[in-house]
Structure formats: structure tokens, C-alpha cells
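The structure appears below as C-alpha cells.
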Amino acid sequence: ERCFRNAAALQPERPEIHFNLAKTFELRGNIEDAINSYRAALRLKPDLAAAYTNIGTLFQSQGKLAEALASHREAVRLAPLAEAHYNMGNVLKDMERYEEAAASYHAALRIKPDFVEAICNLGNVNYSLGQMGAAIEKYRQAIVMNPNDANIYIGLGNAYKELGQVDQALESYRHAVA
């Protein structure tokens, strides 16, 4: 941290120094200083999408969902990467704006079809919307790509349970604890 602070004092015009200082603050749990350092980097390089992504993630961790969403939207605008859409979907899911979250996950999957976390979260959103058939389809798709993730089996089991398919639910739960 001290090295990056010194570098920022000596070369305040270099956005990458502020960005790296922010990452250091973030790793140490100093959220406010991290956000301020990311903002310093953005003042110097306004198109630094990764800084918006990281600010959004930090705001989300603090429960500041409106601020997180604004940051992730800007990251998507600047660099429409799968991860940016995914992060925006996660905030929308936390806000219980499930249809919009699903649209973000679909956007991520159009860019990166094998993005297992987006597939799984799309299953979670389908579950929250009461779309158990779609949820089961997504969980099964995610299991093919990541057969060792117990959380996917739990989601699958819960969807089967909602449909009254107890045997399938139990089998999914057994896989989760195996």
C-alpha cells in the first residue's frame, strides 16, 4: 500500500497507479479508500470499465444496490463483456428485479455461452419467478459443465421439490452431499 501511495504522490497523473492502490485498499477491506482511488483513476481515464466494475462490486457488498447498478451499467456501456453483464445481473437479482436480471444473464451468455455462473444464476432467477421447468433446464445445463458444485444440485433439488417431484429432489440433494 505504501508503495502505491508513494507512486500516486510522485505520479498523480497515472490512472493505473490509482487503480492498483484501489485494489490494495480493497484487499485490505478499506472500501471507502478503494472507491475513492478508483474514482481518482476514472478522473484520469474516464473509460476505465474495470474501475466501474470494481466500484459496483464494492457498492453491492455494502448493500448500496442503486449505486452498484449505476456503476455496472456504465461498465457495460464502456465494455460490454460477459462479466460486466453478469455483474449487472447479480445486482438486479439482489434488487429482486428478476426479469431484468434474466436479460443481463442472457446478454452475458450470448457473449460467453459456457459461462456456468451466469447459467446457474439464470436458473436461480427462473426459480424466483416460479418458472421451475426453465430453472431445472438451466441447473442441468450448469451441472454438465460443473458436476462438482453442490449449490447447483441444491437449486435443482429445490426446483424439483416445488414441482412435487420428491424422488428427483432427493436424488439432487444426495448429489449435493456426495
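The values are calculated or read from the model by the stated rules, or taken from the named source; none is laboratory data. The structure presented is a predicted model; accordingly, all values stated were derived computationally and were not measured. FYI the Cβ positions are ideal-geometry reconstructions off the backbone, even for glycines, and counts take in every protein chain you see. Each accessible area value is taken on the protein alone, full model and side chains, heavy atoms only, with ligands, DNA and RNA left out. Shrake-Rupley method; radii C 1.70, N 1.55, O 1.52, S 1.80 Å.
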Fill in the blank from the handout: Pairing a residue in region 124-152 that is more than 22 Å from Glu96 (Cβ to Cβ) with any residue that is among the acidic types (Asp, Glu), where Cβ atoms lie under 8 Å and the two sit 6 or more apart in sequence or on different chains, gives Ile143/Asp149; Met145/Asp114
Exercise for the section: Count, please, the residues in region 169-178 that happen to be surrounded by fewer than 18 Cβ atoms within 10 Å (Cβ to Cβ), without any contact (Cβ under 8 Å) to a residue 24 or more places away in the chain and among the hydrophobic types (A, V, I, L, M, F, W, C). Expected result: 2
Handout entry: Lone qualifier among Leu10, Leu21 - being modelled with pLDDT under 95, farther than 26 Å from Ala108 by Cβ and open to solvent by less than 60 Å² (accessible area, probe 1.4 Å)
Key = Leu21
Problem - Within region 31-69, considering residues that are over 18 Å from the mean Cα position of the chain (by Cα) and among the polar types (S, T, N, Q), the one least open to solvent (accessible area, probe 1.4 Å) - result: Ser37
Fill in the blank from the handout: Within region 70-92, residues being open to solvent by less than 50 Å² (accessible area, probe 1.4 Å), more than 11 Å from Tyr52 (Cβ to Cβ) and among the aliphatic types (A, V, I, L, M) number 3
Problem - Matching residues, region 20-30, being under 14 Å from Arg43 (Cβ atoms) and under 20 Å from the mean Cα position of the chain (by Cα) - result: Ala22
